[in-house]
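The values are calculated or read from the model by the stated rules, or taken from the named source; none is laboratory data. Since the model is a prediction, treat every value here as computed from it, not as a measurement. Cβ atoms come from the backbone with ideal geometry, glycine included; neighbour counts cover every protein chain shown.
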Amino acid sequence: MLASLVRRMIVAALAAAGVATAEAEPITLSGITFSDERGGFVIKSATGKGTYEEPFVISEEITDPEGAVLVIRGDMGRIGNRIGTLHQLGFAITKIVTNSTGEAWSLFELELEETYGTPSDYYDGLSFGQAAQLRRPFLSDRFSVNENMNEPIDELRFRDGKVEPGDRVTLNFVITDATPDAEFFLVQRPGRLISSRAMTLVQR
């Protein structure tokens, strides 16, 4: 916690001094832009179309033990649904994440937010495929169990595995929105249990 705070203070000081920090240019695929502008990680590459056959594949390196936030934006009303659910927006995504935090991860949590810092609730339409029959929902090569929760927040948790520093983990999931906004956020919290909330257990 202290190390992370010090690291963020250093990054802020460098930014104030006009020194460049490790941030990649946003990448736009099929009308959707992925950005690491909020720090904590760097997007190395991104490919794909968002379908099950050709998911968006985002390769990234997380450097902050406290996690990172992926910013996703675009004209979501025109992008449409690429995975066949009834949501206005829907796409499949694969994340290939390198652990550069110096700490081993025993779980990896993902949370959706329409407004940064405000958890997505049941009524805003944004979710990990809520109320849909999903073809290939949530899979990982390092974690054997996943848990998906829609209330009181939209959260997806991968657990029962380990990712050592320097190793990579692959996460497969979908993002949907019944009433899409032009921008939303995917909060990524690897390596630590943040609560004991009851979840819906889904065995792989």
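Pick out the one residue from Glu25, Glu54 that is farther than 12 Å from Ala92 by Cα and either of a type in the set (D, E, K, R) or in contact (Cβ under 8 Å) with a residue 60 or more places away in the chain (or both).
Numbers: Glu54 fails: farther than 12 Å from Ala92 by Cα.
Exactly one residue qualifies, and that residue is Glu25.
Quick check on my filter: what residues within the range 63-80 are surrounded by fewer than 18 Cβ atoms within 10 Å (Cβ to Cβ) and under 12 Å from the mean Cα position of the chain (by Cα)?
Answer for the range 63-80, where residues must be surrounded by fewer than 18 Cβ atoms within 10 Å (Cβ to Cβ) and under 12 Å from the mean Cα position of the chain (by Cα): just Val71.
Could you give every pair whose Cβ atoms fall below 7 Å, whose first residue belongs to the range 67-78 and is more than 15 Å from Ile93 (Cα to Cα) and touching a residue at least 40 places away in the same chain (Cβ under 8 Å), and whose second residue is assigned to a strand (DSSP E or B) and among the aromatic types (Phe, Trp, Tyr), counting only separations of at least 6 or pairs across chains?
Between residues of the range 67-78 that are more than 15 Å from Ile93 (Cα to Cα) and touching a residue at least 40 places away in the same chain (Cβ under 8 Å) and residues that are assigned to a strand (DSSP E or B) and among the aromatic types (Phe, Trp, Tyr), the close pairs are Ala68/Phe41; Val69/Phe185.
Say we look at the range 94-104 and pick out the residues that are buried (at least 22 other Cβ atoms within 10 Å of the Cβ) and among the β-branched types (Val, Ile, Thr); which of these is nearest to Ser45 (Cα to Cα)?
Ranking the qualifying residues of the range 94-104, first place goes to Val97.
Just the residues that are farther than 17 Å from Leu139 by Cβ, at pLDDT 95 or above and surrounded by fewer than 17 Cβ atoms within 10 Å (Cβ to Cβ), please, taken from the range 31-62.
Within the range 31-62, Thr33, Glu37, Arg38, Lys44, Ser45, Thr47, Lys49 qualify.
The rows are residues; the columns are (1) exposed (fewer than 15 other Cβ atoms within 10 Å of the Cβ); (2) acidic (Asp, Glu); (3) modelled with pLDDT of 95 or more.
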| site | (1), (2), (3) |
| --- | --- |
| Pro165 | yes, no, yes |
| Val174 | no, no, yes |
| Asp181 | no, yes, no |
| Phe185 | no, no, yes |
| Gln188 | no, no, yes |
| Ala198 | yes, no, no |
| Leu201 | yes, no, no |
| Arg204 | yes, no, no |
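Here are some residues: Leu139, Leu107. Which one is surrounded by 14 or more Cβ atoms within 10 Å (Cβ to Cβ), within 18 Å of Asp64 (Cα to Cα) and over 13 Å from the mean Cα position of the chain (by Cα)?
Numbers: Leu139 fails: within 18 Å of Asp64 (Cα to Cα).
Residue meeting the stated conditions: Leu107.
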